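**Q** Here you go, one structure.
The values are calculated or read from the model by the stated rules, or taken from the named source; none is laboratory data. Here the structure is a predicted model, which means the values were calculated and not measured. In this analysis, Cβ positions are derived from the backbone assuming ideal geometry, glycine residues included, and neighbour counts consider all displayed protein chains.
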């Protein structure tokens with residue numbers, strides 16, 4: 001296994017940041033109140049500050065891969081050091097520098113840390129989930 005030097009990691013992270021053409025905000029999960037059996041009310045999702053990101057929408061088509069059906073889900077790339085958990089949500093506010101008329105909100109289904117950034121697997125929030133906001 002080859003270990004990456006700090007200089008190589010810095011170069012990879014700078015290259016990755018050049019690919020962040022979109023803007024998003026982390027909607028941080030916050031419990032309304034905690035009782036003996038957990039949250040007593042619907043959680044809230046206050047928006048954090050805007051961040052540059054790289055959004056890759058999912059495909060509505062199924063892709064055949066070696067005889068298996070693979071669904072392509074939306075993904076988001078964020079800089080290393082971004083604070084995010086699988087309880088949070090993501091709100092996409094700009095695509096390729098243009099503000100969206102209606103921001104898109106996604107639930108996080110997985111988080112992976114790579115050498116140059118974080119990769120989040122996403123799924124579209126349902127109307128009921130958006131009402132909880």
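**Q** Need a quick list: strands (runs of 3 or more DSSP E) entirely within region 60-125 having at least 3 residues that are surrounded by fewer than 17 Cβ atoms within 10 Å (Cβ to Cβ) and at pLDDT 95 or above. Outline the logic, then answer.
**A** Working: elements: 62-65, 68-71, 75-78, 89-95, 98-113, 118-124.
Those strands (runs of 3 or more DSSP E) span 98-113.
**Q** Now for a separate question. Could you count how many residues in region 31-59 are under 30 Å from residue 97 (Cβ atoms) and either part of a strand (DSSP E or B) or modelled with pLDDT of 70 or more (or both)?
**A** Within region 31-59, the first condition is being under 30 Å from residue 97 (Cβ atoms), and the residues that meet it are 44-59.
Checking which are either part of a strand (DSSP E or B) or modelled with pLDDT of 70 or more (or both) leaves us with 44-58.
Qualifying residue count, region 31-59: 15.
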